[in-house]
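Structure first, commentary second.
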């Protein structure tokens with residue numbers, strides 16, 4: 001295999017995106033390109049017909065300001081990103097098990113998100129108005145663990161990194177929300193994370209529509225996702241993303257790690273569709289960052305653009321090199337799911353100029369990231385003060401929102417249920433179920449749910465409410481369509497957001513699918 005240097009990685013990106021300086025073809029349908037001048041497409045069979053294509057303006061990254069104004073730059077930025085890479089490399093190497101390739105390739109995305117963009121409090125991972133992050137490609141979890149460690153979360157100390165994938169550790173081989181505070185949802189089965197994220201974003205949109213006021217946006221946060229080629233191939237992802245576009249979840253921003261590598265080889269052996277065209281058809285805004293390895297300003301520009309689009313979710317395709325920096329294994333399946341090996345680790349250290357010991361965080365990197373503890377506390381304190389003012393003006397709404405956030409059931413909720421006795425007239429259980437659901441919906445403000453195109457059959461309709469739709473997000477009947485698998489995972493996201501009481505329903509045979517999706521988090525089945 002050819003030696004892989006940083007320069008070679010750039011050459012790979014150029015080959016995929018098109019030769020620099022070549023005449024620019026029609027842009028791919030629905031794609032905005034960020035970064036170097038537009039060039040040819042990676043493969044002819046991925047290109048849409050020219051007649052169906054249209055051109056888009058190229059954003060100049062040099063004109064983009066950092067989102068928070070305190071971004072690392074220059075040498076510190078590279079050192080910070082490489083810290084993420086080598087924490088992942090070292091943890092996988094020590095465990096002799098894991099997936100180093102994704103963290104090495106996605107480190108720039110993760111850095112920009114956690115260091116510059118996301119609002120969170122490391123000392124209170126459960127602050128309600130935090131931004132949510134979901135690593136749908138959960139096998140690359142050392143990316144998230146490294147970021148949580150740098151950001152100051154108590155759940156991921158250095159010793160936890162050293163216990164990666166060990167029995168009883170807080171750093172299991174896939175992220176688990178019940179093991180590691182800071183992890184929003186349990187991911188692993190590909191595609192499930194993005195579907196959970198749709199549920200998180202649905203919950204945000206619903207609560208914002210119900211409780212925000214013209215003078216107080218008390219519910220105001222984003223859901224960010226990193227998903228890979230494998231997630232894109234899964235049916236559950238397409239089901240959920242179809243609904244996200246239909247609902248116009250404008251605060252859902254997904255990064256697609258476009259590295260073209262699967263376990264069996266290049267993804268083109270089984271996956272040649274134009275993902276961006278599909279997502280545009282699903283109702284998403286789409287952006288392409290052509291150089292995800294070092295294009296930090298391009299990533300920042302993409303996020304800024306995504307936030308400006310408020311009526312659609314955004315897919316940011318980021319072309320990366322899996323295992324970036326590994327001279328002999330980058331851009332190959334061999335870096336996907338196994339340790340690099342001592343010889344290749346040393347070669348990677350030489351290639352990226354990393355002279356430090358294992359699990360070492362340089363002092364300037366540590367100092368830079370340390371600001372997130374006081375800044376996060378300040379963000380939460382500001383929100384608490386804002387909520388206190390909200391509570392004075394809108395006491396009833398504040399009390400209702402609190403009960404949804406905590407999951408606390410109202411006193412006497414059992415008394416609201418219909419009473420049945422052996423002498424009661426016989427009726428179908430689905431009719432009795434609807435009577436109970438409607439009785440509960442009157443007293444449990446967090447009850448929201450629906451059916452997979454079977455509401456009139458399995459009787460899930462909440463009669464006192466309308467349909468949750470793009471422009472009526474305050475309503476509580478969710479029309480999932482014939483998407484049982486996606487429905488289950490979306491309801492998990494709803495439950496893990498607040499926690500609300502999601503109520504998914506389907507007939508028994510397809511109804512097994514939502515239970516499959518739910519078993520890894522907090523099943524409402």
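Within segment 90-110, being closer than 27 Å to residue 303 by Cα and either touching a strand residue (DSSP E or B) at 6+ places or on another chain (Cβ under 7 Å) or assigned to a helix (DSSP H, G or I) (or both) holds for 101, 102, 103, 104, 105, 106, 107, 108, 109, 110. Taking the criterion of being surrounded by fewer than 20 Cβ atoms within 10 Å (Cβ to Cβ) and free of Cβ contacts under 8 Å to residues at least 60 places away in the same chain, the only residue of segment 218-233 that qualifies is 233. Residues in segment 278-297 that are part of a loop (DSSP other than H, G, I, E, B) and within 27 Å of residue 329 (Cα to Cα): 290, 291, 292, 293, 294, 295.
When you check residue 72 against the structure, is it surrounded by 24 or more Cβ atoms within 10 Å (Cβ to Cβ) and either touching a helix residue (DSSP H, G or I) at 6+ places or on another chain (Cβ under 6 Å) or not in a helix (DSSP H, G or I) (or both), yes or no? So residue 72 fails the test.
Count, please, the residues in segment 261-277 that happen to be touching a residue at least 40 places away in the same chain (Cβ under 8 Å) and in a helix (DSSP H, G or I). Residues meeting the conditions: 4.
Per the listing 143, 190, 147, the residue uniquely touching a helix residue (DSSP H, G or I) at 6+ places or on another chain (Cβ under 8 Å), under 19 Å from residue 97 (Cβ atoms), part of a helix (DSSP H, G or I) and not assigned by TED's automatic domain parsing to the domain that holds residue 497 is 143.
Checked against (1) in contact with a helix residue (DSSP H, G or I) (Cβ under 9 Å, 6 or more places away or on another chain); (2) within 18 Å of residue 290 (Cα to Cα); (3) at pLDDT below 50, residue 56 passes all but condition (1). Of the residues contained in segment 204-221, none is found to be in contact with a helix residue (DSSP H, G or I) (Cβ under 6 Å, 6 or more places away or on another chain) and closer than 20 Å to residue 479 by Cβ. For segment 247-260, the condition of being in a strand (DSSP E or B) and free of Cβ contacts under 8 Å to residues at least 24 places away in the same chain holds for none of the residues.
Of all residues in segment 343-356, none satisfies being under 19 Å from residue 221 (Cα atoms) and outside any helix (DSSP H, G or I). The number of residues in segment 282-330 being out of contact with any strand residue (DSSP E or B) (no Cβ under 8 Å at 6 or more places or on another chain) and farther than 28 Å from residue 247 by Cβ comes to 13. Here residue 136 clears all of (1) under 29 Å from residue 229 (Cβ atoms); (2) touching a residue at least 60 places away in the same chain (Cβ under 8 Å); (3) buried (at least 20 other Cβ atoms within 10 Å of the Cβ); (4) out of contact with any strand residue (DSSP E or B) (no Cβ under 6 Å at 6 or more places or on another chain) except the condition numbered (4). For segment 285-303, check the following and say yes or no: at least one residue is touching a residue at least 60 places away in the same chain (Cβ under 8 Å), assigned by TED's automatic domain parsing to the domain that holds residue 245 and loosely packed, with under 15 Cβ neighbours inside 10 Å. No, segment 285-303 contains no residue that is touching a residue at least 60 places away in the same chain (Cβ under 8 Å), assigned by TED's automatic domain parsing to the domain that holds residue 245 and loosely packed, with under 15 Cβ neighbours inside 10 Å. Using the structure shown, decide if residue 153 is crowded, with 21+ Cβ neighbours inside 10 Å and closer than 21 Å to residue 194 by Cα. No. Being at pLDDT below 95 and either over 28 Å from residue 334 (Cβ atoms) or assigned by TED's automatic domain parsing to the domain that holds residue 177 (or both) holds for only one residue in 72, 95, and it is 72.
The condition (being touching a strand residue (DSSP E or B) at 6+ places or on another chain (Cβ under 8 Å), more than 27 Å from residue 236 (Cβ to Cβ), modelled with pLDDT of 90 or more and surrounded by 15 or more Cβ atoms within 10 Å (Cβ to Cβ)) is satisfied by just one residue among 447, 440, 462: 440. For residue 262, the conditions (1) modelled with pLDDT of 95 or more; (2) out of contact with any helix residue (DSSP H, G or I) (no Cβ under 6 Å at 6 or more places or on another chain) all hold with the exception of (1).
The values are calculated or read from the model by the stated rules, or taken from the named source; none is laboratory data. Source: prediction; values computed, not measured. Note that each Cβ is placed from the backbone with ideal geometry, even for glycine, and that neighbours are counted across all protein chains shown.
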